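**Student:** What follows is a single structure, and I will ask about it in a moment.
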Amino acid sequence: MAASLLDTTRPPVFCQGCAHDKVTRTLDEAFSRLGLEGHQIVIVSDIGCSGLFDTFFHTHAMHGLHGRALTYATGLKMACPDLHVVVTMGDGGQGIGGAHFLAACRRNVDLTLLVLNNFNFGMTGGQFSATTPPEASIGSGFLNRLERPLDICQVASAAGAPYVSRCSTYSKDLSREFERAMTFRGFSVVDVWGVCPGRYTRNNRLTPAMIDDALARLEPTPGPVAENQRREYGEYYREEARRQDALPRPTTIDKEVAPPQNLRQDIIVMGSAGQRIITAGEILCMAGMTAGLQATQKNEYNITVLRGPSISEMILSPTAIGYTGTQRHSVVIAIADEGVARRSSVFESLEDTALVIRAEGVAIPECRAEVISVNFKGLGIRPPDWALAALGVLSTRNRAISPDMLIKALHYRFQEPVLSSALKIVQSARSAG
Amino acid sequence: MAMSFMEGNEAVAWGAFDAGCRFFAGYPITPATTIYNTMLRLLPPAGGICLQGEDEIASIGFCLGASMAGLKVMTATSGPGISLYSEQISFAIGGEIPIVIVDVQRLGPSTGSATRGADGDIQFLRWGNSGGLPVIVLAPSDVRDCYMLTREAFNLSETYRCPVFVASNKEIGMTRESIDVETVPSSRPLKRTASPDPDRFQPFAVRDDRTVPDFLPIGGPRVVRQTSSTHGTDGYITTDPGEISRILDRMTRKVAGAVGNFSLHEVDAQDDAGILIITYGITARAARVALDDLRTAGERVSLLVLKTLWPVPGRLIRKTAENIERVIVAEMNNGQYVREIERLLPQHTIDFVGRMDGTLISPEDIRETV
Ligand code: SF4
C-alpha cells in the first residue's frame with residue numbers, strides 16, 4: 001500500500017451525497033493498493049463535474065475540452081508508455097466524444113476510462129445525456145422521451161474494447177474493480193453508475209438499491225471481453241515501427257550534362273487522370289535538373305481519382321523561377337481530349353517556334369506551332385504510358401531535354417523492374433519521333 | 001550543386017523532422033495529406049510516432065497530449081480541418097502547449113475545392129480561437145520556405161510555448177520544385193526551457209521578468225498539471241480577477257510583444273520608389289516577376305514579402321512603407337491581410353489585388369494594378 005494521493009488541501013467540492021465523492025475516495029484506495037506514486041499516474045479529466053477529478057489528487061493532470069479527454073490520453077500514453085493513464089468522463093463526455101470513444105475501443109491503447117454515469121448533465125442544469133432514460137424528468141423538457149439511451153458497455157464491446165465492466169458506485173468491490181481495470185493491459189472501460197443529487201434525483205427517484213436492481217437485470221459484464229483480446233496498441237505500434245525502413249534523404253541530382261537549349265522552357269501536359277501525367281512531369285523536371293536547370297511542376301486535377309482531366313505545367317530554367325504558372329509555352333503535350341478541353345486557350349497563343357506533341361485521335365484547336373502526331377496505340381504503348389512516351393518523342397527532337405537527360409532521369413526516378421519497362425517505352429517512342 | 005526535386009509538403013515534413021519533431025498526428029485531407037504520408041515514413045523508423053486520428057479533433061488532441069509529455073509535435077490539415085481544430089487551438093494557447101500546425105490552404109468557403117489553392121484562412125488562423133489571444137503565423141512562398149519556416153515554426157513554438165501555424169497553400173504544398181536542401185540556412189533546433197528548480201515548480205509561473213513559463217513534462221518525476229480552465233500560476237482554477245488578468249496579459253505580451261524578434265520577411269527596395277508591393281505566400285512569386293517587368297519598364301517599385309503574418313510586424317511594415325505614397329497589397333483571397341495594412345498605413349493610398357477562383361494571381365494582374 002502506498003500513501004493516499006488525495007490532496008488534503010483541495011477536498012472534493014461535489015454536492016452532498018454526490019456519487020463522484022465516493023468515486024474519488026475509492027479511486028485513491030485503488031491507487032494506494034497498486035502501490036503507485038503520484039508521478040506514475042496522469043488523470044485526464046473531461047468536462048462537467050467529473051472534470052474536477054484531476055484537482056483532488058497529487059498526480060499528473062491534464063484537463064481539456066469536452067469529450068476530448070481520450071485524445072489527450074492517447075497522445076500521453078503513446079509518448080509515455082510506462083505512465084498509468086486514467087480518464088474520468090461523464091455520460092455527457094461519452095456522448096459528445098462518441099467518435100473518440102469508438103476509436104479508443106478499436107485502437108486498444110492501454111488507458112483506463114471511468115465513465116461516471118449519472119444519467120444527466122449535472123453542471124449545466126440536468127439536461128439529458130446519451131444515457132438518460134426516456135421516462136426520466138430532466139432539464140431538457142420532453143426531448144429525452146424521443147431518444148433511446150445508449151448502453152455504454154454494449155457499444156464498447158461491439159467496438160472492440162477488450163475490457164468492459166459496469167458497476168455501481170456503491171459496490172463494495174469498486175476499488176478492486178478500478179484496480180482490475182488499471183492493471184489490465186489494454187483499453188478498459190468502466191461504466192460506473194451513480195446518483196446526482198444536485199440535479200437528477202431532485203426530480204427522479206434513484207437510490208443505490210435501485211441501481212443494484214437495474215444492474216442485476218442487465219447482462220453481466222465480467223471485465224475482459226473474450227473475443228476482443230489482442231495486443232495493446234502501443235506495444236504493437238513500437239514493434240511494427242522497428243521493422244520500418246528509414247526514409248532516405250531526398251535524392252539529389254547533380255548537373256551532369258548540358259541542356260539542348262539554355263533557355264527557359266514552359267511545358268504543359270494535357271491528359272486525363274490515370275495517364276500518369278504527374279509522374280511524367282516529375283521525370284521531365286528531373287531530366288532538366290541533370291542539366292543543371294531549375295525546375296517547377298504545378299499540377300491541376302479534379303478530386304476524382306481515376307477520372308477527369310489532369311494537367312501538369314513544368315518550367316525548366318537556367319535562372320530562378322518565380323511565378324509557377326506556365327506562360328509562353330514552348331512545348332505542349334496533348335494526350336487526352338479532356339485535358340485539351342480544360343486548357344484549350346493555350347493553343348491560341350502558341351508561337352510558331354512552339355512544338356505540340358499530340359496523340360493521334362486527340363483533337364486540338366488550330367494553332368501556329370509545329371504539331372507532331374504520334375500513333376502511340378500503333379506503337380503498342382498503352383494510354384497510361386503515353387505521357388512518358390511523349391517525353392521520348394520530345395527528347396528525340398532535342399527540345400528542352402536530350403535523350404541523355406531523359407535516360408538519366410529515368411534512372412533517378414525508377415528502380416527495376418519498372419526502370420526497364422520505362423526505358424523500353426521511351427525507346428519505342430523515340431523511334432517514332 | 002546537388003538539387004532535390006520535392007513538393008512543399010515534403011519539405012515541411014523534412015523541416016519538421018530536422019527540427020526534432022518526433023510526434024505527428026493527422027487526418028487525411030487534400031491538399032495536406034502528403035505531409036502525413038511523409039511523416040508516416042519518417043517518424044516510426046526513427047523512434048517517433050505518427051498517428052492517424054479518427055478525425056481532426058482527435059489528431060490535434062493526440063498532439064497536445066504528446067507535447068505535454070515533452071515531445072515536439074506537429075499536425076497538418078486544410079480549411080475544413082482547421083475549423084475542427086479550433087477548440088484545441090484555444091487549449092494550446094491557454095495551456096501554453098507548443099505545437100506546429102500546418103494549414104495547406106485550399107479554396108473555401110467550407111468544403112470548397114480540395115485541389116485548388118487559396119490564402120483564404122489568413123484571418124481565420126489569427127482569430128479562429130475562443131478568447132482571441134495572439135498566435136504566430138508564418139507564410140512560405142516556395143518549397144525552400146516550407147523547409148526553413150517549418151524549422152523556424154518549431155523554434156518559435158518551443159520558445160514562446162504557443163501554437164505556430166505554417167500557412168501554406170495547395171499551390172506550394174503540392175507544387176514540386178528543385179531545391180538544394182543542404183544549403184537552406186536554418187537556425188539551431190531549440191527546445192522549451194526546463195524548470196531549473198523542479199521542487200518549487202509551478203506550471204504557469206515565470207521567472208524574473210520572463211514572459212514564458214518553464215516546462216516540465218507530464219510523466220516526469222515531478223507531478224505537472226495542465227488545464228484548459230482559467231488558471232493561476234499553480235494550474236488550478238482561479239476566479240481572482242487580478243491573477244486572471246496578470247496571466248492573460250502575460251500570454252498576450254509574450255507573443256505580441258516579441259514579434260520584433262521574428263519579423264521574417266524579404267525586401268527588395270528601390271531608391272525613390274513611389275510604389276510598394278506587399279504580399280505573402282505563393283503570390284510573392286508572381287510579385288517578383290512583376291517587379292522585374294515593372295522595373296525594366298522604368299517604374300520605381302519596391303517589394304515586401306512577409307513571411308511572418310501574425311503577430312503583424314507593424315514596425316517593419318511602417319518602416320518599409322516610409323516615404324512611399326502608394327501601396328499595393330496582393331493576396332489570394334477577397335481581401336484579408338489588406339485590412340492590417342490599411343490599419344497600419346492610414347495615410348497611404350492602398351490598392352488591392354485579390355483573386356479567389358482557384359487560379360494564381362499572375363504577374364500581369366499585379367502589373368496592371370500598378
Ligand atoms: S451536480 Fe450532480 S454530479 Fe455535479 S456535483 Fe452535484 S450531485 Fe455531483
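The values are calculated or read from the model by the stated rules, or taken from the named source; none is laboratory data. Keep in mind the model is a prediction, meaning the values are calculated, not measured. Note that each Cβ is placed from the backbone with ideal geometry, even for glycine, and that neighbours are counted across all protein chains shown. Please note that ligands, DNA and RNA were not included when accessible areas were found on the heavy atoms of the full protein model with its side chains. Shrake-Rupley method; radii C 1.70, N 1.55, O 1.52, S 1.80 Å.
**Student:** Out of the DSSP beta bridges found with both residues in chain B, what percent are antiparallel (nearest 5)? Don't skip to the answer; put the middle values down first.
**Tutor:** On the way: 13 of 51 bridges.
Roughly 25 percent of the beta bridges in chain B run antiparallel, per DSSP.
**Student:** Please express the shape of segment A:1-106 as an equivalent ellipsoid: the semi-axes are the square roots of 5 times the eigenvalues of the C-alpha gyration tensor, given largest first in whole angstrom.
**Tutor:** Here the semi-axes work out to 22, 18, 11 Å.
**Student:** To the nearest 500 deg cm²/dmol, what mean residue ellipticity at 222 nm is calculated for chain B from DSSP H runs of n ≥ 4 alone, each contributing -39,500 (n - 2.57), summed and divided by the residues?
**Tutor:** Details: 12 runs with 131 residues, N = 370.
Value at 222 nm, helices only, nearest 500: -10500 deg cm²/dmol.
**Student:** So what's the back-of-envelope 222 nm ellipticity for chain A, counting only DSSP H runs of four-plus at -39500 (n - 2.57) apiece and dividing by all residues, rounded to 500?
**Tutor:** Estimated from H runs of four or more residues: -10000 deg cm²/dmol.
**Student:** Which order, highest average first, do A:339-348, A:418-427, B:223-232, A:54-63 follow once you tally other Cβ atoms within 10 Å for each residue and take the mean per peptide?
**Tutor:** Packing proxy ranking, top to bottom: A:54-63, B:223-232, A:339-348, A:418-427.
**Student:** Excluding ligands, DNA and RNA, what is the accessible area buried between chains B and A, summed over both sides, using a 1.4 Å probe, to the nearest 100 Å²?
**Tutor:** So the buried area, both faces added, is about 5400 Å².
**Student:** Right, next: Could you give me D for segment B:12-141, from Stokes-Einstein at 25 °C and 0.890 mPa s, where the hydrodynamic radius is the Kirkwood radius over C-alpha pairs? Units µm² s⁻¹, please.
**Tutor:** This corresponds to a translational diffusion coefficient of 168 µm²/s.
**Student:** Order of B:336-347, B:183-194 by packing, highest average Cβ count within 10 Å first?
**Tutor:** In decreasing order of mean packing, B:336-347, B:183-194 become B:336-347, B:183-194.
**Student:** Evaluate peptide A:291-299: per residue, the Cβ atoms of other protein chains within 10 Å of its Cβ; return the mean as an integer.
**Tutor:** Mean inter-chain Cβ contacts per residue within 10 Å come to 5.
**Student:** Using a 10 Å cut-off on Cβ to Cβ distances, tally the other chain neighbours for every residue of B:278-285 and report the average as a whole number.
**Tutor:** On the way: counts 0, 0, 0, 0, 3, 1, 2, 7.
If you average over the peptide's residues, the count of other-chain Cβ atoms is 2.
**Student:** Along each principal axis of its Cα atoms, how long is the protein assembly as shown end to end? Whole angstroms, biggest number first, please.
**Tutor:** 92, 66, 51
**Student:** Whenever you get a sec, compute what percent of the accessible area on segment A:265-430 sits on carbon and sulfur atoms (1.4 Å probe).
**Tutor:** Exposed carbon and sulfur together represent 50 percent of the surface.
**Student:** Distances over 24 Å make up what percent of all Cα-Cα pairs in segment A:265-430?
**Tutor:** Tail of the P(r) past 24 Å holds 27 percent of the pairs.
**Student:** Averaged over its residues, how many other protein chain Cβ atoms are within 10 Å of peptide B:357-365's Cβ atoms?
**Tutor:** Neighbouring Cβ atoms belonging to other protein chains average 2 per residue here.
**Student:** I've got another one for you. Of all beta bridges DSSP finds with both residues in the protein assembly as shown, what is the antiparallel percent, to the nearest 5?
**Tutor:** The antiparallel proportion sits near 30 percent.
**Student:** Measuring from the lowest to the highest alpha carbon on each principal axis, how far does chain A reach, largest first, in angstroms?
**Tutor:** The principal-axis extents, from largest down, are 91, 48, 40 Å.
**Student:** What per residue convex hull volume, in Å³, do the alpha-carbon atoms of segment B:137-178 yield?
**Tutor:** 51
**Student:** Points 7 angstrom from Cα along the Cβ direction at B:ARG300 and A:ARG185: gap in nanometres?
**Tutor:** 7.7
**Student:** On average, how much area does the Cα convex hull of segment A:180-232 cover when viewed from any direction, in nm²? Show your work: numbers first, answer last.
**Tutor:** On the way: hull surface 20.3 nm².
Orientation-averaged projected area of the Cα hull: 5.1 nm².
**Student:** Please give the direction-averaged projected area of the C-alpha convex hull for segment B:264-369, in square nanometres with one decimal. Before the final figure, lay out each step's value.
**Tutor:** Numbers: hull surface 23.8 nm².
The number I arrive at for segment B:264-369 is 6.0 nm².
**Student:** Taking 45 Å as R0, compute the FRET efficiency from the Cβ-Cβ separation of A:GLU256 and A:ARG307 and round it to 0.05.
**Tutor:** Details: r = 39 Å, r/R0 = 0.86.
That pair, A:GLU256 with A:ARG307, gives E of 0.70.
**Student:** Using the Kirkwood radius over C-alpha pairs as Rh, can you work out the diffusion coefficient of segment B:44-115 via Stokes-Einstein at 4 °C, viscosity 1.567 mPa s, in µm² per second?
**Tutor:** 101
**Student:** Now for a separate question. Express in whole angstrom the spacing between the alpha-carbon centres of segment B:251-270 and segment A:3-62.
**Tutor:** With segment B:251-270 and segment A:3-62 each reduced to a Cα centre, they are spaced 44 Å.
**Student:** Along each principal axis of its Cα atoms, how long is segment A:19-241 end to end? Whole angstroms, biggest number first, please.
**Tutor:** 51, 35, 32 Å, listed from the longest principal axis down.
**Student:** What is the total of Lys pairs in the protein assembly as shown with C-alpha atoms under 23 Å apart, excluding same-chain pairs fewer than 8 positions apart?
**Tutor:** Lysine pairs meeting both conditions in the protein assembly as shown amount to 19.
**Student:** Measuring from centroid to centroid over Cα atoms, what is the spacing of segment A:333-353 and segment B:329-360 in Å?
**Tutor:** Using only Cα atoms to place each centre, the spacing works out to 33 Å.
**Student:** Can you list, largest first and rounded to whole Å, the semi-axes you get for segment B:115-248 by taking the square root of 5 times each eigenvalue of its Cα gyration tensor?
**Tutor:** For segment B:115-248, the semi-axes come out at 35, 20, 11 Å.
**Student:** Rank-order A:171-183, B:280-292, B:63-75 by packing density, defined as the average count of other C-beta atoms within 10 Å over each peptide's residues, highest first.
**Tutor:** Peptide ranking by packing, descending: B:63-75, B:280-292, A:171-183.
**Student:** With N set to the number of residues, divide the alpha-carbon radius of gyration of segment A:125-164 by 2.2 N^0.38 Å and report two decimals.
**Tutor:** Values: Rg = 12.6 Å, N = 40, 2.2 N^0.38 = 8.9 Å.
Against the compact-globule rule of thumb, the ratio is 1.41.
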